[in-house]
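Inspection log for the structure reproduced underneath, given as C-alpha cells.
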Amino acid sequence: MRRGTIALLLTVTWGAVGCVDGQRYDTQAAELLPSGMSGPVDAPKGSCWQKNITPAEFDTVTRQMRVPLQKNPAQSDEQTKATPQYQTKTRHVMVKKRNEAWFETLCPAQLNKALVTALQHALKAQKLYHGAIHGRLTDETRTAIRTLQHKDGINSDVLGLRTAESLGLLRLAKK
C-alpha cells in the first residue's frame, strides 16, 4: 500500500474581507467580500472581519489487488497456474474537512502609519520581516503577517485583532 498526501491546495484563501458597517478593507480586489457579505451574523456594528478558509486534506490510497484467474478453456491447468495477475486500485480519502471560520481584524481606519511602523518593528524582532521600517503595508509586510498568523491556524495576510493585541499594537490603533 502506498500513501501520498494531497493537501487540496485550493488555498483559494478566498480572503473574504469586510467591515460590518459597510466599509470595505482596502486590499487587493480578490480579498473583498461579495456584495451583501460583511462578517458573522453576531458581529458587532463597526467591526471588521475576514473569513479564514482551511482547505480539505485528502490521502491517496493505492493498493495492489490480486485479480482472480479467469480459466480459459483453451488453456491447460498448468498454463492457468502461471504468474498471478494484479491490478492497481487508487482512491482518494478525505482525512480533514474544509473549514471556514471568521476572525476579527483591524478596520482600515485603524491601520495608521504609527501602528504599521510598530507592527514592522515587532515582525522584525521575531525575524519574520526583513524590509525597511517605513510604516507602509507592503507585500513583504503582509507576507510576514501571514507567517506569524499561520502559527495560530489563520492563513491570511490581513492583521487579525488577536494578533495585533498579542503584539501590543492596539494602543496605537485609531478608535
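Quick note: the coordinates plus some simple rules give every number you see, no bench work behind them. Values in this document were obtained by computation on a predicted structure and should not be read as measured data. Positions of Cβ are generated from backbone atoms using ideal geometry, with glycine treated the same way; all protein chains shown enter the neighbour counts.
Each of TYR86, TYR129 was scored by other Cβ atoms within 10 Å of its Cβ. Listed from fewest to most, they are TYR86, TYR129. For ARG98 and LYS151, the FRET efficiency from 1/(1 + (r/R0)^6), where r spans their Cβ atoms and R0 equals 25 Å, is about 0.75. In terms of surrounding Cβ atoms within a 10 Å radius of their Cβ, LYS96, LYS151 rank from fewest to most as LYS151, LYS96.
What's the extension gain from ALA109 to GLU57 if we count 0.36 nm per residue and subtract their Cα-Cα distance? Walk me through the numbers before you get to the answer.
Working: separation 52, 0.36 × 52 = 18.72 nm, distance 3.67 nm.
Between ALA109 and GLU57, full extension yields 15.0 nm more.
Annotation: peptides 99-108, 157-166, ranked by per-residue average of other Cβ atoms within 10 Å with the highest first, follow the order 157-166, 99-108.
The 3J(HN,Hα) values that the Karplus relation (6.51, -1.76, 1.60; θ = phi - 60°) gives for segment 105-115 are, in residue order, 10, 6, 7, x, 5, 7, 7, 8, 4, 5, 5 Hz. Gly and Pro appear as x. Scanning residues 5 or more positions from THR105 or on other chains, those with amide H under 5 Å from its amide H are CYS48, TRP49, GLN50, LEU161, with H placed 1.01 Å from N in the peptide plane. Annotation: amide H of LYS96 within the under-5 Å range of GLU57, sequence separation 5 or more or interchain, hydrogens built in the peptide plane.
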